[in-house]
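Q: One structure coming up, written as structure tokens, with questions to follow.
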Amino acid sequence: QVLVVGCGNSELSEQMYDVGMCEDIVNIDISDAVIRQMQERSGSTRPKMSYLLMDMLQMDFPDAHFQVVLDKGTLDALLTDEEEATIAKVDQMFAEISRVLQVGGRYLCVSLAQAHVLKKAVEYFSQEGWVVRVHQVASSGDKQQFVLPVFVYVMTKFRKIPGSAPQILEICPEEQDKPMRMESAERLVAAVKDRQHYALLCSQISKTPCREQVSLDLCDKESGKPRYTLHVVDSPSVKPSRDNHFAIFIIPQGRETEWLFGTAEGRKQLAASAGFGRLLTVALHREQHYEGMAGIQAELSGKVMELAPPGLPARQQVPFLSVGGDIGVRMVRHCDTSPLSGEYVVEDVKGDGSCYFRRLIFLRNRNVVQSEARLLAPTPLQGQKKRRKDKKKPSPAEPPGAIDKSYLCCEHHKAMVAGLCLLGGPDALPGELAVLVVGLGGGSLPLFVHDYFSQARVAVVEIDPSMLEVATQWFGFSQGDRMQVHVSDGLDYVAKLAAEGTISQSIPAQYDAVMFDVDSKDLTVGMSCPPPAFVEKPFLQKVKSILKPEGVFVLNLVCRDTRLKESVLATLRNVFPLLYARHIEGEVNEILFCQPSPEGRREPAELGARAQALEGALRQPGRPWDSSYTLADMLQAVHIL
């Protein structure tokens with residue numbers, strides 16, 4: 001027995017009757033004209049179905065009379081606002097539906113699921129102990145051409161259990177049969193809202209090109225965690241033809257942080273060079289497993305067509321592109337959580353060509369490589385492929401692989417090292433050097449200075465003890481007579497040095513070079529490196545006090561806020577009379593070389609010559625040197641502020 005509330009002149013009941021779904025259908029409405037019209041239309045052809053003039057807020061039926069109450073848009077029409085009088089009517093409607101339904105019966109409500117409507121329905125029935133499930137039944141791509149998706153709430157009546165029984169809240173997306181359990185009404189409403197936003201997005205970009213790049217995450221059906229990150233990139237300059245409307249580009253695993261794939265400008269260049277009007281880039285997530293390129297194509301082929309551009313010819317084949325034709329290689333070697341840095345991973349990835357790299361990633365900013373080192377051989381990853389074939393678990397005692405300490409992966413590290421040619425003296429290679437590095441990361445910068453400046457004594461300050469463990473275990477870092485790490489806040493360490501003049505007999509009061517390569521934990525500030533306190537005037541004056549008169553302070557500045565950056569530069573100029581800047585091409589990083597005395601000023605041409613001489617002195621027989629760059633190249637674009 002089915003009750004249809006607020007039936008209006010809808011054909012739904014007639015269609016259900018005619019296809020044999022059910023015949024014992026009672027339709028009610030408060031409009032006398034509608035009821036008479038429907039009785040005339042169905043009276044003779046559908047004798048078992050009835051139409052009654054009745055108010056659903058005060059029904060005449062006995063308790064527990066129906067197995068199903070069906071509502072097609074009536075709740076949406078009633079709950080137009082959240083005024084007290086409206087809410088009272090909705091509560092009365094729900095109470096009456098609950099009264100006339102049998103235990104085990106279902107209230108089926110077809111709705112556009114506006115947030116306040118869905119929230120009210122979910123909260124009311126879940127608090128009554130009912131099982132609540134929301135089905136998505138029609139999207140913007142369906143024949144109905146709805147802009148917003150249509151949902152059906154399925155509320156199954158259970159006897160209310162005294163006390164706090166667990167709520168059962170589920171959503172069943174259109175593309176899968178298995179429902180997903182939600183932990184709260186708020187999360188269920190948010191999941192529906194996500195799908196509505198996605199439908200609106202698909203509707204918009206199917207009609208007009210995107211002025212700005214659109215990004216979205218497709219999540220794993222089981223865990224709900226992001227599985228794919230998509231960017232929709234339109235290239236208005238590409239002249240459309242039959243074969244160049246739309247393409248999908250799979251970014252190889254581990255390469256999503258590269259400039260070409262990880263920045264808006266890079267993706268714009270990629271789309272233009274690929275020659276497609278719309279390019280959809282797809283980044284793969286490290287927590288997920290993928291069955292090769294063919295598996296990804298099969299998984300994404302239906303979903304990506306919802307993001308197709310306007311004017312795509314019917315039955316047009318859309319190509320899947322990648323670098324080298326595969327999805328890349330990524331092996332997570334270690335993951336943990338630090339109280340200071342949050343969740344992080346150490347992973348080995350295959351770069352462009354045959355090189356393999358080890359990376360440290362902070363998951364709070366997963367698209368930024370915190371530290372990187374090149375591996376001398378891809379043995380660990382080859383071992384991974386062998387294990388997959390043998391279906392054996394990796395041995396926990398497997399060595400981490402040899403680190404190429406001669407290679408500086410980060411462009412800003414190369415520039416920071418090149419800046420050491422600013423140190424005074426006639427010799428290209430300074431003698432005994434005292435260097436202070438604030439920020440350890442994987443340790444590649446202090447290691448390079450230690451190994452190539454054979455008389456350098458390097459002190460490293462790192463606030464996070466977890467990073468010292470990571471650098472030592474996974475990046476080949478080690479301490480010794482000329483390399484000491486101090487687990488301390490860089491602000492406190494420098495302040496103590498400035499106040500006391502010395503910390504111990506082995507550490508001098510003044511340094512030839514002070515290097516800051518320290519990230520900010522506060523992502524709300526427009527400057528991710530260093531933390532704002534490190535560039536305040538009182539602290540910079542302390543940094544200046546621990547520098548030798550001919551020394552150099554090297555700062556890695558990563559600041560997207562233009563006004564904040566200008567303020568930082570003004571403060572630096574106020575403290576250090578001589579200031580050089582080197583912008584890292586394709587990145588936000590800017591390396592600043594600050595000197596306490598203007599007398600050491602050198603023009604860019606002289607700096608290039610000194611950098612070339614310094615490199616010649618560092619290249620000793622038998623000592624490896626990465627030939628992909630020169631120190632002079634790193635100083636070519638230096639200018640004096």
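The values are calculated or read from the model by the stated rules, or taken from the named source; none is laboratory data. If you're wondering where the values come from, they're calculated on a predicted model, not measured in any experiment. Every residue, glycine as well, gets a Cβ built from its backbone with ideal geometry; the counts of neighbours run over all protein chains shown. Accessible surface is based on the protein model in full, side chains and every heavy atom, while ligands, DNA and RNA are left aside. Shrake-Rupley method; radii C 1.70, N 1.55, O 1.52, S 1.80 Å.
Q: Tell me whether region 276-296 contains one or more residues that are of a type in the set (Lys, Arg) and at pLDDT 90 or above.
A: Yes, region 276-296 has at least one match.
Q: Let me ask something else. Just name the residue that is farthest from Gly254 (Cα to Cα) out of those in region 189-232 that are under 18 Å from the mean Cα position of the chain (by Cα) and among the hydroxyl-bearing types (Ser, Thr, Tyr).
A: Tyr198
Q: How many residues, within region 581-608, are aliphatic (A, V, I, L, M), open to solvent by 30 Å² or more (accessible area, probe 1.4 Å) and in contact (Cβ under 8 Å) with a residue 12 or more places away in the chain?
A: Selection size over region 581-608: 1.
Q: Could you list, in sequence order, all residues of region 166-210 that are among the acidic types (Asp, Glu) and part of a helix (DSSP H, G or I)?
A: Selection gives Glu186, Asp194.
Q: Kindly indicate which of Gln102, Gln92 is among the polar types (S, T, N, Q), within 23 Å of Val68 (Cβ to Cβ), at pLDDT 90 or above and out of contact with any Lys or Arg (no Cβ under 8 Å at 6 or more places or on another chain).
A: That would be Gln92, the only listed residue that is among the polar types (S, T, N, Q), within 23 Å of Val68 (Cβ to Cβ), at pLDDT 90 or above and out of contact with any Lys or Arg (no Cβ under 8 Å at 6 or more places or on another chain).
Q: Regarding Val68, is this residue in contact (Cβ under 8 Å) with a residue 40 or more places away in the chain, surrounded by 14 or more Cβ atoms within 10 Å (Cβ to Cβ), under 17 Å from Gln1 (Cα atoms) and among the β-branched types (Val, Ile, Thr)?
A: Considered against the rule, which asks whether it is in contact (Cβ under 8 Å) with a residue 40 or more places away in the chain, surrounded by 14 or more Cβ atoms within 10 Å (Cβ to Cβ), under 17 Å from Gln1 (Cα atoms) and among the β-branched types (Val, Ile, Thr), Val68 comes out as yes.
Q: Just wondering, is there one or more residues in region 519-540 that are open to solvent by 10 Å² or more (accessible area, probe 1.4 Å), over 14 Å from Ala459 (Cβ atoms), assigned by the TED database to the domain that holds Val461 and more than 35 Å from the chain's Cα centre (by Cα)?
A: Yes, region 519-540 has at least one match.
Q: So Ser628 passes all but one of these: (1) in contact (Cβ under 8 Å) with a residue 40 or more places away in the chain; (2) closer than 30 Å to Leu375 by Cα; (3) polar (S, T, N, Q). Which condition number does it fail?
A: Answer for Ser628: the failing condition is (1).
Q: Among Leu70, Leu53, which is the only one that is within 16 Å of Ser13 (Cβ to Cβ) and either at pLDDT below 95 or more than 51 Å from the chain's Cα centre (by Cα) (or both)?
A: Leu53
Q: Restricting to region 97-121, give me the number of residues that are out of contact with any Leu (no Cβ under 6 Å at 6 or more places or on another chain) and outside any strand (DSSP E or B).
A: 12
Q: While we're here: Could you please find all residues in region 352-375 being within 22 Å of Val558 (Cβ to Cβ) and not in a strand (DSSP E or B)?
A: If the condition is that a residue be within 22 Å of Val558 (Cβ to Cβ) and not in a strand (DSSP E or B), then Leu363, Arg364, Asn365, Arg366, Asn367, Val368 are the ones that fit.
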